[in-house]
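Everything on this sheet refers to the single structure shown next.
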Amino acid sequence: MKKPTLACLTLLLLCLPAWADGDRLRPATPNPSYQQECGSCHLAYPPALLPAASWQRITADLGKHYGSDATLDPATTQALASWLQQNAGSGKRAREAPPEDRITRAAWFQRKHDELPAGVWQRPAIKSPANCAACHTGAEQGDFSEHRVRVPR
C-alpha cells in the first residue's frame, strides 16, 4: 500500500470539517443583508434547503411572499436573489422544487419529519412546520442535527 502524499493529507484535513458538519447547512459566505431582511420575519432559512429555481421564484415576487408583502428595494432584491441562487441546494435534497417552493412540502422534509404526529405542529411553542427553531436548537446557526432536536411539549 502506498503512503499518502502531503497533498492528500492536506486535502483530507480540509474536507473533514465538511464531513463532520453533514447536518450544517450554512453557506460558506454568510449574507448579513439576508439575515437582516429575511430573518426579521422568520428564520433566515439556509439557501441549501431549496434549489436555485425555487429561490428565483420566491425573490421574483416578494410582494406576494406567502401571504405577506416582503417587498424590498430593487438593488437589495437583486443582491439577495443572486446570493440565494449561488448558495442554493444542489444535492439530493434540492433535486426538485417542492410544491409552492415550500421547504415544509419538500419530499426530504416530509421523510425527516414523518415520525411526528400531526398534533405536534399545533403546539403553542411550535405553531407550524416552518418554525424550525422551535425544535432545532441550532437552526439559527444552520445546524439541523437530529442529535440536538428538542421538541417542546
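Within the shell defined by Cβ-Cβ distances under 11 Å, the residues around Ala70 carry a net charge of -2, with Lys and Arg each +1 and Asp and Glu each -1. Of all aspartates and glutamates in the structure, the ones whose alpha carbon falls short of 15 Å from that of Lys112, not counting any fewer than 8 places away in one chain, are Asp23, Asp143, Glu146.
For trypsin sites (Lys or Arg not before Pro), the sites in segment 53-124 that DSSP calls loop and that have at most 14 other Cβ atoms within 10 Å are Arg95. Positive contributions from Lys and Arg (+1) and negative ones from Asp and Glu (-1), summed over other residues with Cβ under 15 Å from the Cβ of Val151, come out at +3. The candidates Phe144, Phe109, arranged from most to least accessible area with a 1.4 Å probe in the full protein assembly, appear as Phe144, Phe109. Which GluC sites (Glu not before Pro) from segment 88-153 combine a DSSP loop assignment with at most 16 other Cβ atoms within 10 Å? Those satisfying the criteria are Glu96, Glu115.
The share of accessible area on segment 19-123 that comes from carbon and sulfur is 50 percent, using a 1.4 angstrom probe.
Each residue was assigned an accessible area with a 1.4 Å probe, and for Thr59 the value is about 20 Å².
Scanning residues 5 or more positions from His65 or on other chains, those with amide H under 5 Å from its amide H are Ala70, with H placed 1.01 Å from N in the peptide plane.
The values are calculated or read from the model by the stated rules, or taken from the named source; none is laboratory data. The model shown is predicted, which means the values in this text are computed figures rather than measured ones. Every residue, glycine as well, gets a Cβ built from its backbone with ideal geometry; the counts of neighbours run over all protein chains shown. Remember, those area values only see protein heavy atoms, side chains included, never the ligands or the DNA or RNA. Shrake-Rupley method; radii C 1.70, N 1.55, O 1.52, S 1.80 Å.
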